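**Q** Right, I'll just put the structure down here and ask away after.
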Amino acid sequence: MPDTETNQFTDDPATTGRCTATLITGAGGEIGHGLIEALSDAGRTDLVALDLRELDAGLCRRCCASHVVDVRDEAGVEPIFERYEVTEIYHLAALLSTTAEKDPELAHAVNVGGTMNILTLAARYGLQHNRRIRVLFPSTIAVYGLPDVETRDRAGAIREDQYAEPATMYGCNKRYCEDVGRYYSEHYRRLSSARGDLGPIDFRALRYPGIISAHTTPSGGTSDYFPEMLHAAARGEPYASFVAEDVRIPFMTMPDAVAAMLGLAAADEARLTRRVYNVTSFNPTAGEYAGRIRDAFPGADLTFAPDAARASIIDTWPADIDDLSARRDWGWAPQHDLDAAFDDYLIPAIRARAGA
Ligand code: SER
């Protein structure tokens, strides 16, 4: 049976020895679900989950241990590093953009404070055990801040070094954490004579577009209109989109988001020309999504009732991002374009679930 604990450790690592572990924070979130399923399907038995809440039983069974602890709590998280030889971390815990904008100080505490806690502990234990710990970090298109809609529409597909001036607390948090992760990888304690050529952490980040899953819905994001629209239609419920029909941001499917993270994790560090990569797949408008959804679920009651405040966040995000660096450096290529996303993944998976 997997081990579900708060931060109480029942056995003594000094006598049991430390087994290696892959730590996943925010394990109960949307990406956590997809990632844990993919890693455990691939035979990984070293998954240690961390989340603020108890994991659901299905996910828990796929992990060797699951800890209920706040990612900001150093005293609560440190025993995990004492007990396990953590070799790799997927640091997913964060508040998404809409939630973050409602409570920016809390978002900063969780998104930045939680990341600092994980990086600090990883650096400490990495140095203590002479091991470089790989940290994978989901960043976001929210790190981009286009000054106005005209600029956005003219800009086309944005590269990593363009317009990286976020206009949300979530974007600021992620942008800053990208830099701190790079610092721990390349410049950590640069005045110390004891430091080696490399930092204690090998930090790698993906700037994700919106993500669409056939199985889960996100909460508190500003790209949620597409998943909410799809899942409402599948349940036969009406849905009014909080963005207008002509809103266009990039998206990818959850299997592609997970594959991107695993692809970047597996990439030879010598081939990486940067630590933060754009990844994307398709970018139709909200209206085009509604059309596709109506094709699959005839009679779906989908309308548009834009919420100006929420839509103003999305107006600062790019209509497209350029993921050439990821394609070139570590062979990134999405499995699902728009047609495949609907025809091979979303609709069959939703129908299979409904039939089951
Ligand atoms: N999906 C995220 C959000 O909407 C953006 O990365 O907050």
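**Q** How do the helices (runs of 4 or more DSSP H) wholly within region 259-356 filter down when requiring 2 or more residues that are within 23 Å of residue 243 (Cα to Cα) and among the β-branched types (Val, Ile, Thr): which remain?
**A** 308-314
**Q** List every residue pair whose Cβ atoms sit under 7 Å apart, with the two residues 6 or more apart in sequence or on different chains, where the first one lies in region 303-328 and is within 18 Å of residue 142 (Cα to Cα) and the second, anywhere, is among the basic types (Lys, Arg) and within 15 Å of the ligand (Cβ to nearest atom).
**A** Within 7 Å, the pairs are 319/248; 321/207.
**Q** To continue, here is another question. Among the residues of region 190-201, is there at least one that is crowded, with 21+ Cβ neighbours inside 10 Å, modelled with pLDDT of 95 or more and in contact with a helix residue (DSSP H, G or I) (Cβ under 9 Å, 6 or more places away or on another chain)?
**A** yes
**Q** Which condition from (1) surrounded by 16 or more Cβ atoms within 10 Å (Cβ to Cβ); (2) within 16 Å of the ligand (Cβ to nearest atom) is the one that residue 304 breaks?
**A** Result: residue 304 fails condition (2) only.
**Q** Being within 13 Å of the ligand (Cβ to nearest atom) and more than 20 Å from the chain's Cα centre (by Cα) is the filter here, so list the residues in region 242-262 that pass it.
**A** Of everything in region 242-262, those that are within 13 Å of the ligand (Cβ to nearest atom) and more than 20 Å from the chain's Cα centre (by Cα) turn out to be 242, 243, 247.
**Q** May I pose another question? Quick check on this structure: which one of 182, 189 is more than 16 Å from the ligand (Cβ to nearest atom), on the phi > 0 side of the Ramachandran plot and not small (Gly, Ala, Ser)?
**A** 189
**Q** Say we look at region 196-241 and pick out the residues that are assigned to a strand (DSSP E or B) and basic (Lys, Arg); which of these is farthest from the chain's Cα centre (by Cα)?
**A** So, considering only residues that are assigned to a strand (DSSP E or B) and basic (Lys, Arg), the one farthest from the chain's Cα centre (by Cα) is 204.
**Q** Another question about this same structure. Applying the selection to region 91-149, what residues are crowded, with 22+ Cβ neighbours inside 10 Å, away from the ligand (no atom under 15 Å from the Cβ) and of a type in the set (Gly, Ala, Ser)?
**A** Scanning region 91-149 gives 114, 122, 126.
The values are calculated or read from the model by the stated rules, or taken from the named source; none is laboratory data. Since the model is a prediction, treat every value here as computed from it, not as a measurement. Reconstructed Cβ throughout: ideal geometry from the backbone, glycine too, with neighbour counts over all protein chains shown.
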